[in-house]
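Structure, as structure tokens:
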There are 2 protein chains.
Amino acid sequence: MHEGKRTEISTLGEFGLIKHLTRDIQLQNPETKYGVGDDAAVMDFAGKQVLVTTDLLMEGVHFDLVYTPLRHLGYKSAMVNFSDIYAMNGTPKQITVSLAISKRFCVEDLEDFYAGVKLACQLHHVDIVGGDTTSSVTGMTISITCIGVADKDKVVYRNGAHETDLICVSGDLGAAYMGLQLLEREKAVFQGEKEVQPDFAGKEYLLERILKPEARRDIIERLAEAGIKPTAMMDISDGLSSELMHICSQSHAGCRVYEERIPIDYQTAVMAEELNMNLSTCALNGGEDYELLFTVPLTAHETVSQIKDVKIIGHITKPELGCALITRDGNELELKAQGWNPLKG
Amino acid sequence: MHEGKRTEISTLGEFGLIKHLTRDIQLQNPETKYGVGDDAAVMDFAGKQVLVTTDLLMEGVHFDLVYTPLRHLGYKSAMVNFSDIYAMNGTPKQITVSLAISKRFCVEDLEDFYAGVKLACQLHHVDIVGGDTTSSVTGMTISITCIGVADKDKVVYRNGAHETDLICVSGDLGAAYMGLQLLEREKAVFQGEKEVQPDFAGKEYLLERILKPEARRDIIERLAEAGIKPTAMMDISDGLSSELMHICSQSHAGCRVYEERIPIDYQTAVMAEELNMNLSTCALNGGEDYELLFTVPLTAHETVSQIKDVKIIGHITKPELGCALITRDGNELELKAQGWNPLKG
């Protein structure tokens, strides 16, 4: 396409590419409070903070219809956008849903997809305000935009973490990644590539985590009830490691996270064992957890410890100390963002 | 995919499909003023009307990279979204840009695309507040969401046209469609399919209209200066016929449009002649004009007649009279929405 110099996109990676393309953007409108670089953009309209986040999901890259029911896909597509709004400490209010589909889909398929979107919207009191369908020459493409609101001064960015702040995470990590491994294994069985018997018994939680994630509104509500406003927050989509590094780099800070404190479900551990994978690596780099990662002032230690389903996993340090994991045997391992990078594929 | 009943999407068409999928949506939030069914959704945050519109553009369906420079594609992708906001009588303020690309694209390609987006944003004072790139297994996919604002009571919907209102249109129609024919012809030449010499001389306007459309902020401003608030408005993307029928059906009205009054540029006429196509059909059904179609009260006749680049082409009638074109020889032809339907392809 381009004549002359050709720089391969893989040399920059997803985050690098966006940084490169948006590096010289000067915001022109006073209503624009925050642009590229967080879970959502922030606008101020008449003193109300309006949040906007958008996701583009491609078949064959972000989802595999061989093992993803369309109803679940609709549910998840909406849910992950709500998660981005909660990660800003906001409340999702509206979404628009655009689909591109090829002729292999029928009206009933789209009804299934919409049923999932509608269920997610019902649970989170979100209105579907825009819809668009168009054709695609190949796979299915989903584009969802979610609009949310927050009271002034309630929005939490990625860049507010301070030295000594406690690092907290909701739920447990690595289960969605294990669920994905399980589904990929079953797909191989289905396609006759391997001689493995399908066996989901006792692994229902893993499947639920990958196919039907839940956005953590409950955590946002509990934090508000406890009177805690996180200093930084984001949702875990690419993996704990990658997200920690985002928070630290944007907050100009370092961090120490304790391996033994990372919350992991029993089924995740069993599955990692079964697949002979390193459990901590799965929890750190698996991604698609859609749990909340946030930091709170050290003074909130006691209060935050009592919040259901929240665990303190480490603390923020001076930037020169870098980002590291303290392993069970007391070693310090530098964190690396091995998060899921769809541009490397 | 779906087991059991299978209804082909072509039986519903694009508009029918969206209507079908969104028919039972109940709006839950008081902030949501208007959902599916207009150029943009409307929210009310603290008394300020916030408009949101989104577009999903697929390579091979909405654009052809053989003859579309990426810079122009970026410009147009942004511009058509601004056009949707102007069509609500609003002002575009922010956009998010998501791209899915395959490995054949390099960083310089995306720089070109972004250069076009940035230029469009600069001209319309719009901030890029979100960006996302991901990979695609096949072609390029563009998803743009635009956020705009309007003062309370300034938003213009499609459903407000009344009997005797004048129907107005900005600019001229059919030129983008002729530009597309021209490019398709040159593509055939390029691919050696036909023995036709490329000849763009004297046809620059047609190419500009298809490759680099301009959103009509100027018309919105002139209407405001003249103290006119249209009763209904939308932008012409699918074609005049199709859009007139949207306004009439949503306003429960009919219309009469005069063939001789439809504004057509000289180059459009020459090209239609050259291709042996019916000129009025091109102007009525060509689409991609991105001009504004609006209705004003009969009392605004004198004022609106004096607005530069606006033409009165007909009037709104009782619904039982249907939608019709009065031809040059005085015949009445029922309007049909032969607008561009990407789902039929």
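Do we have B:Thr96 as of a type in the set (S, T, N, Q), facing chain A (nearest Cβ under 7 Å) and under 26 Å from A:Val126 (Cα atoms) here? If you could, list the steps in order and put the result at the bottom.
Details: of a type in the set (S, T, N, Q): yes; facing chain A (nearest Cβ under 7 Å): yes; under 26 Å from A:Val126 (Cα atoms): yes.
Answer is yes for this residue.
Limited to the stretch A:34-60, what total is found for residues that are over 19 Å from the mean Cα position of the chain (by Cα) and touching a residue at least 40 places away in the same chain (Cβ under 8 Å)?
6
Out of the residues in the stretch A:117-146 that are in contact with a Gly (Cβ under 8 Å, 6 or more places away or on another chain), in a strand (DSSP E or B) and of a type in the set (A, V, I, L, M), state the one that is farthest from the other protein chains (Cβ to nearest Cβ). For the stretch A:117-146, the residue satisfying everything is A:Ile128. Within the stretch B:33-45, identify whether any single residue is facing another protein chain (nearest Cβ under 8 Å), charged (D, E, K, R) and surrounded by 19 or more Cβ atoms within 10 Å (Cβ to Cβ), and answer yes or no. No, the stretch B:33-45 has no match at all.
Would you pick out the residues in the stretch A:297-338 that are of a type in the set (Lys, Arg), under 21 Å from the mean Cα position of the chain (by Cα) and modelled with pLDDT of 95 or more?
A:Lys308, A:Lys311
Test each condition in (1) in a strand (DSSP E or B); (2) within 14 Å of chain A (Cβ to nearest Cβ) for B:Cys168 and report the one that comes out false. So the condition that B:Cys168 fails would be (2). Checked against the criteria, B:Glu260 does not count as touching a residue at least 60 places away in the same chain (Cβ under 8 Å) and on the phi > 0 side of the Ramachandran plot.
Looking across the stretch B:35-59, the residues that are touching a helix residue (DSSP H, G or I) at 6+ places or on another chain (Cβ under 9 Å) and assigned to a loop (DSSP other than H, G, I, E, B) come down to B:Gly35, B:Val36, B:Gly37, B:Asp38, B:Asp39, B:Ala40. On the stretch given as the stretch A:99-157, residues that are over 27 Å from B:Asp44 (Cβ atoms) and of a type in the set (Asp, Glu) total 4.
Here A:Lys103 meets each of (1) at the interface with another protein chain (Cβ under 10 Å from one of its Cβ atoms); (2) in contact (Cβ under 8 Å) with a residue 40 or more places away in the chain; (3) assigned to a loop (DSSP other than H, G, I, E, B) with one exception, condition (2). Go through B:Thr54, B:Thr68 for me and flag whichever is closer than 20 Å to A:Cys121 by Cβ and polar (S, T, N, Q). The match here is B:Thr54. Could we say that A:Lys152 is of a type in the set (Lys, Arg), over 30 Å from B:Lys48 (Cα atoms) and either touching a residue at least 60 places away in the same chain (Cβ under 8 Å) or buried (at least 21 other Cβ atoms within 10 Å of the Cβ) (or both) here? For A:Lys152, the condition - of a type in the set (Lys, Arg), over 30 Å from B:Lys48 (Cα atoms) and either touching a residue at least 60 places away in the same chain (Cβ under 8 Å) or buried (at least 21 other Cβ atoms within 10 Å of the Cβ) (or both) - is not met. Of all residues in the stretch A:2-32, those satisfying the criterion of being surrounded by 14 or more Cβ atoms within 10 Å (Cβ to Cβ), modelled with pLDDT under 85 and in a loop (DSSP other than H, G, I, E, B) are A:His2, A:Leu12. Number of residues in the stretch A:65-87 that are within 11 Å of chain B (Cβ to nearest Cβ) and either in a loop (DSSP other than H, G, I, E, B) or in contact with a Cys (Cβ under 9 Å, 6 or more places away or on another chain) (or both): the value is 5. Residues that are closer than 17 Å to A:Ile101 by Cα, free of Cβ contacts under 8 Å to residues at least 24 places away in the same chain and basic (Lys, Arg) occur at least once in the stretch B:18-31. A:Gln122 meets each of the listed conditions (1) within 21 Å of A:Gly227 (Cα to Cα); (2) surrounded by fewer than 22 Cβ atoms within 10 Å (Cβ to Cβ); (3) modelled with pLDDT of 95 or more apart from (1). Go through the residues of the stretch A:221-228 one by one and say whether even a single one is surrounded by 15 or more Cβ atoms within 10 Å (Cβ to Cβ) and modelled with pLDDT under 95. Checked against the condition, which is being surrounded by 15 or more Cβ atoms within 10 Å (Cβ to Cβ) and modelled with pLDDT under 95, the stretch A:221-228 yields no hits at all. Looking across the stretch A:16-54, the residues that are among the polar types (S, T, N, Q) and closer than 14 Å to B:Thr133 by Cβ come down to A:Thr22, A:Thr54.
The values are calculated or read from the model by the stated rules, or taken from the named source; none is laboratory data. Note that this is a predicted model, so its numbers are computed, not measured. When we count neighbours, we look across all protein chains shown, and the Cβ atoms used for this are built from the backbone with ideal geometry, even at glycine.
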